[in-house]
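Quick notes on the structure that follows.
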Amino acid sequence: MPFTNEQLERYSRHIILKEIGVKGQKKIMNGSVLIIGAGGLGAPAALYLAAAGVGKIGIADADVVDLSNLQRQVIHTTADIGRPKVESAAETMRAINPDVEVETYHEFITSDNIMDIIRDYDFVLDGTDNFSAKFLINDACVMADKPFSHAGILRFKGQLMTVIPHESPCYRCVFKTMPPKDAIPTCRQAGVIGAMAGVIGSLQALEAVKFLTGSGDLLTGKLLTFDALTMKFHTINLPPRGEGCAVCSDHPEITELIDYEQPVCEFKPGQN
Amino acid sequence: MAAVSDIKIDDKVDITDVVCPVTFVKTKVALEEMDDGQVLSVHMNDGEPVQNVPRSVKEEGHQILKLIDNEDGTYDLLVRKVGED
């Protein structure tokens, strides 16, 4: 399908890029990305992916917009307080780019529903804020052979890695299992600088676009860390994937998805 | 350089109705849809397009054959596609 003049203008800065061009933009427009978590990381990622013209964007989150979210979750506005985050995020994405098809999942991602939801997407973006979700997303994506971007932020620090299951190391290759309860504080307890979500969430969007277009090298086999206080990025090379990994080795111990206990402070009774 | 009449034009694109950077984008789109070695004629306005489009096309690795002044404030740029893949 040829581009309309409006699309040529909208995506002109992409099309001009040698690494993207017409073919790359078409791949973006035929591509699909699922964003799990419409919070700090998911907000900038969703904005950039919608702006880029990704054909279909799924967004999953069970929460509603809270006043304390607005310091970093830039896809929501003050008027959205109390609304489901997925509704608010979808509305903003559609307003940025009506070309984009947005699918919303107003529910917690669990072992019961994750396989059905990730199936329809080319790439998954983990924008969650807790370890149980991160391990669940990793294990599900490994089992479904679904490429994904992991990220986490806390205080002035962020980290990021991209996983091509059964090719590159997975999250569980690096972080074997859940940290002990209360060993790692949540953003709620420890705080997080708002723009950190913008930096790391935008890097996730970049990885998704690079994956869809096949341009450049993905952040696989590496963990990127960013410290905003020292303004230093580090790339840590990871050992090869699989060996001894409970989920992505050739003879995995974990063959069924696990719902680890949700940290208590992540639960808001009465909200779904 | 060959005379204009010797050059077989395979496709044409008119970029007089758009401004930078869509001028180059339209040219690029037209070139991507052509086969290696085919010739595209790009109809453009004098001024900014004539200054920038030929240079951008060259930077993408294509071959500039000729820039024809139509003496009505427009030019025709003849480009031979050099495939990148």
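The values are calculated or read from the model by the stated rules, or taken from the named source; none is laboratory data. Computed from a predicted model, the values in this text were never measured in an experiment. Reconstructed Cβ throughout: ideal geometry from the backbone, glycine too, with neighbour counts over all protein chains shown. What goes into the accessible areas is simple: the full protein's heavy atoms, side chains included, and nothing from ligands, DNA or RNA. Shrake-Rupley method; radii C 1.70, N 1.55, O 1.52, S 1.80 Å.
So the values come out like this:
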| read-out | value |
| --- | --- |
| Binned Cα-Cα distances of region A:130-208, short to long, each 10 Å bin given as a whole percent | 18, 47, 32, 4 |
| Candidate aspartates and glutamates for bridging to A:K18, where Cα separation is under 19 Å - those fewer than 8 sequence places away on the same chain excluded | A:E9, A:E207, A:D217, B:E32, B:E33, B:D35, B:D36, B:E59, B:E60, B:E84, B:D85 |
| Accessible-area composition of region A:31-266, carbon plus sulfur, in percent [1.4 Å probe] | 54 percent |
| For region A:166-183 and region A:21-56, distance of Cα centres in Å | 26 Å |
| Sequence-separation-based contact order of region B:10-80, relative, with Cα cut under 8 Å and 6+ spacing, percent | 34 percent |
| Per residue value of the accessible surface for region A:31-266 (all protein chains in place, 1.4 Å probe), Å² | 43 Å² |
| Entries of A:K85/A:K210; A:K27/B:K66; A:K146/A:K210 with Cα pairs more than 24 Å apart | A:K85/A:K210; A:K27/B:K66 |
| 1.4 Å probe, heavy atoms, protein only - residues of region A:1-39 losing at least 30 Å² accessible area vs chain alone | A:N5, A:L8, A:I15, A:I16, A:K18, A:V22, A:K23 |
| 1.4 Å probe accessible area per residue over region B:37-85, in Å² | 50 Å² |
| Quarter of the Cα convex hull surface for region B:10-80, i.e. its orientation-mean projected area (nm²) | 4.1 nm² |
| Shielded residues, region B:11-30 - accessible-area loss of 30 Å² or more between chain alone and all protein chains, probe 1.4 Å | B:P21, B:V22, B:V25, B:K26, B:K28, B:V29 |
| Contact order normalised by residue count of chain A, Cα under 8 Å, 6+ apart, percent | 20 percent |
| Anisotropy class of region A:144-272 from Cα gyration tensor, a/c 1.5 cut | oblate |
| Complex-versus-alone comparison for region B:31-46, residues with a loss of 30 Å² or more in accessible area, probe 1.4 Å | B:E32 |
| Among A:M93, A:M161, A:M29, residue whose mean-square fluctuation peaks in a GNM of chain A (springs only between Cα atoms under 10 Å) | A:M29 |
| Only Lys, Arg (+1) and Asp, Glu (-1) charged, at Cβ; region B:10-80 dipole about Cα centre in debye | 220 debye |
| For region A:93-165, alpha-carbon Rg relative to the globular expectation (2.2 N^0.38 Å, N residues) | 1.19 |
| Rh by Kirkwood over Cα pairs, then Stokes-Einstein D for chain A at 1.002 mPa s and 20 °C, µm²/s | 114 µm²/s |
| Carbon/sulfur fraction of accessible area - region B:10-80, other protein chains in place, 1.4 Å, % | 43 percent |
| Accessible heavy-atom area order of A:Y171, A:Y105, highest first, probe of 1.4 Å | A:Y105, A:Y171 |
| Length-normalised contact order for region A:100-203 - Cα pairs under 8 Å, 6+ apart - percent | 25 percent |
| Size of charge dipole - region A:1-99 - debye, nearest 20, with Cβ of Lys, Arg +1 and Asp, Glu -1, no other charges | 460 debye |
| Cα gyration tensor category, rounded, prolate or oblate, for region A:197-268 with a/c compared to 1.5 | oblate |
| Residue-by-residue Karplus 3J(HN,Hα) for region A:115-131, coefficients 6.51, -1.76, 1.60, Hz, glycine and proline x | 4, 5, 6, 6, 3, 7, 10, 7, 8, 10, 10, 8, x, 8, 10, 8, 6 |
| Extreme residue, positive dipole direction of region A:121-251, given options A:S132, A:A246, A:L218 (C-beta unit charges) | A:S132 |
| Averaged over A:229-239, number of beta-carbon atoms from partner chains that fall within 10 Å | 0 |
| Chains A and B, summed buried accessible surface - 1.4 Å probe, Å², nearest 100 | 1100 Å² |
